[in-house]
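The values are calculated or read from the model by the stated rules, or taken from the named source; none is laboratory data. Remember, it's a predicted structure, so these values are computed and weren't measured experimentally. In this analysis, Cβ positions are derived from the backbone assuming ideal geometry, glycine residues included, and neighbour counts consider all displayed protein chains. Heavy atoms of the whole protein, side chains included, go into the accessibility calculation; ligands, DNA and RNA do not. Shrake-Rupley method; radii C 1.70, N 1.55, O 1.52, S 1.80 Å.
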Amino acid sequence: MPATFTRTPAEIDRKDTGIGGKPPVDRRPTGGGGGDDNWDNHPQGRRGPRELLTRYRLGLFFALAGDLMFFIALVSTFFVRQNAGHFDPRDNYVSDWHPFSIPPILWINTAVLLLSSLSMEVARQHLFHEVDVMEEWLGLGRPAVRRAAPWLVGTVVLGLMFLAGQWIAWQQLSSQGLFFATNQNSHFFYLITATHALHLFLGILALMIALGALFLLRRVEMRQIVVDCTAWYWHTMGIFWVFLFVLLTCFQ
């Protein structure tokens with residue numbers, strides 16, 4: 001009589017998640033969300049958690065591409081207005097652009113944001129660490145969550161510090177009599193920094209959601225997706241800010 005095998009409820013809960021397969025792990029020294037073995041053995045449309053992670057990443061990248069187009073349009077308008085002017089009654093060409101020195105605190109803000117990107121990446125990699133992920137997949141606890149959570153909290157704190165620094169920069173400019181409508185240069189400074197600050201604020205909300213997801217979501221792969229997509233968004237905002245900071249610093 002052929003032998004029969006049954007799976008325990010815990011095994012069924014781990015394997016029959018509607019996605020199939022083990023969560024993505026990273027076997028490389030650096031990077032995150034690396035491949036797992038035998039992904040192509042799954043039927044089309046059910047290639048496991050890695051395919052689901054890839055789909056969410058693609059969706060995020062398309063959304064960020066739209067953001068990139070918006071910032072490119074903003075920067076293009078910056079350069080157009082920088083070279084614009086008018087003729088006075090004596091037919092003298094007068095430029096509407098009046099350069100000023102950016103608040104020094106923006107240098108500190110940039111360092112803080114880059115540091116937050118580093119802490120975000122550390123948190124993301126903890127969620128893909130092979131040993132920790134496999135321990136949880138086998139029902140041996142949640143070591144990845146314990147290691148990633150403090151780094152996510154640190155990223156939130158650094159993000160809030162960056163926003164506070166931007167507010168201080170705006171206060172320093174206003175104390176010098178430079179407001180949104182003072183001239184074209186100050187207009188674009190406030191517009192660019194406020195637009196980026198709004199995007200970063202949305203990133204902080206996403207970080208808080210990701211932090212809650214670490215403790216509320218049961219499936220390892222779903223927690224990985226939330227943190228991974230949040231990390232890519234945060235890194236992108238950091239890259240955007242570096243370019244905007246260079247723009248405001250070097251092209252006044």
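Tabulated data for the structure shown
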read-out: Whichever residue in region 150-191 is part of a helix (DSSP H, G or I), of a type in the set (Val, Ile, Thr) and open to solvent by 30 Å² or more (accessible area, probe 1.4 Å) and, among such residues, is farthest from residue 251 (Cα to Cα); value: 153
read-out: Cβ pairs under 9 Å, 6+ apart, first in region 171-186 and on the phi > 0 side of the Ramachandran plot, second at pLDDT below 90 and surrounded by 14 or more Cβ atoms within 10 Å (Cβ to Cβ); value: none
read-out: Top-ranked residue of region 93-116 - restricted to ones that are out of contact with any Ser or Thr (no Cβ under 8 Å at 6 or more places or on another chain) and closer than 17 Å to residue 203 by Cβ, ranked as surrounded by the fewest Cβ atoms within 10 Å (Cβ to Cβ); value: 114
read-out: Single residue of 88, 67 found to be modelled with pLDDT of 90 or more, open to solvent by less than 60 Å² (accessible area, probe 1.4 Å) and not polar (S, T, N, Q); value: 67
read-out: Any hit, region 136-150, residues being free of Cβ contacts under 8 Å to residues at least 40 places away in the same chain, over 14 Å from the mean Cα position of the chain (by Cα) and closer than 30 Å to residue 83 by Cα; value: no
read-out: Selection from region 191-237 of residues that are free of Cβ contacts under 8 Å to residues at least 24 places away in the same chain and under 27 Å from residue 134 (Cβ atoms); value: 209, 212, 213, 216, 217, 218, 222, 226
read-out: Residue in region 216-231 that is over 14 Å from the mean Cα position of the chain (by Cα), assigned to a helix (DSSP H, G or I) and among the small types (Gly, Ala, Ser) present; value: no
read-out: Unique residue being surrounded by 19 or more Cβ atoms within 10 Å (Cβ to Cβ), of a type outside the set (Lys, Arg) and either more than 18 Å from residue 116 (Cα to Cα) or in contact with a Gly (Cβ under 9 Å, 6 or more places away or on another chain) (or both) when the list is 250, 229; value: 229
